[in-house]
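The values are calculated or read from the model by the stated rules, or taken from the named source; none is laboratory data. This structure is a prediction, so every number in the text was calculated from the model and none was measured. Surface areas here come from the heavy atoms of the whole protein model, side chains and all, with no ligands, DNA or RNA. Shrake-Rupley method; radii C 1.70, N 1.55, O 1.52, S 1.80 Å.
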Amino acid sequence: MAKTGTTTQGLRAAIERSGYYPALVAEAVEAAVGGEPVVSYLVHQETTFDSNEVRRHVTVLVLTGTRFIVSHTDEQAADGTSPSPYATTSTESVKLERISSVVLSRVVANPESYTPGTLPREVVLNIGWGAVSRIDLEPAACGDPNCDADHGYTGSSTADDLSLRVSEAGDGPDTVRQTLAFAQALSEATAATAATTR
């Protein structure tokens, strides 16, 4: 379930509608946003199955005029550290100029007959700002099959800060539409920020 909009009151209402510890989630998000006006937001709840337990997770993305805020809340079952179930909430505030990439992948059915404006059946939103990255390395080699020299390593570094997947079948068409709207608002904001910092 995802909700998007452009006001602080709408953000609070979307968090409450998600039904996932709304007081806890709203307090954490509102503390991170502070007094800044909300430009756009997205509230996405997902349920996962872990062995014989059902766990819920909510991600709240907020765009202000100067920052991108991401909040994650997870519930945990009682364990060795806590005799009762508990939830953890984290928020991160990122200056817009630090966002290095906004990648939106769309999956469309029957691409040969695609009509502009048709809703994708699935969307994956990846946002990178350099806090977390993944490095994939492998031994480097040359084209000589008889060469046994050490050529070092080759690899790639991938920003892996946030990945959010929504699908029409699992989350509904409104969720896909809302994710597209948030991604566009964030892309436009990062482009405008880059233009003013040149």
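List of remarks:
- Between 0 and 90°, nearest 10: helix 22-33 axis offset from the chain longest Cα axis: 60
- For the chain, the longest principal axis of the Cα atoms and the long axis of helix 173-196 meet at an angle of about 70 degrees.
- For the chain, accessible area per residue (1.4 Å probe, heavy atoms of protein chains only), Å²: 57
- Euclidean distance of C-alpha centroids, the stretch 39-77 and the stretch 173-191, integer Å: 16
- When the helices of the chain are scored as -39500 (n - 2.57) per DSSP H run of n ≥ 4 and the total is divided over every residue, the value at 222 nm lands at -8000 deg cm²/dmol.
- Helix 8-18 and the long axis of the chain differ in direction by around 80°, with both axes built from C-alpha atoms.
- Its relative contact order, with pairs defined as Cα atoms under 8 Å and 6+ residues apart, puts the chain at 18 percent.
- Entry for Rg and Dmax of the Cα atoms in Å (calculated from the structure that is shown) out of [x] 20.3, 68; [y] 19.6, 62; [z] 20.4, 72: [x]
- Cα gyration tensor category, rounded, prolate or oblate, for the stretch 59-121 with a/c compared to 1.5: oblate
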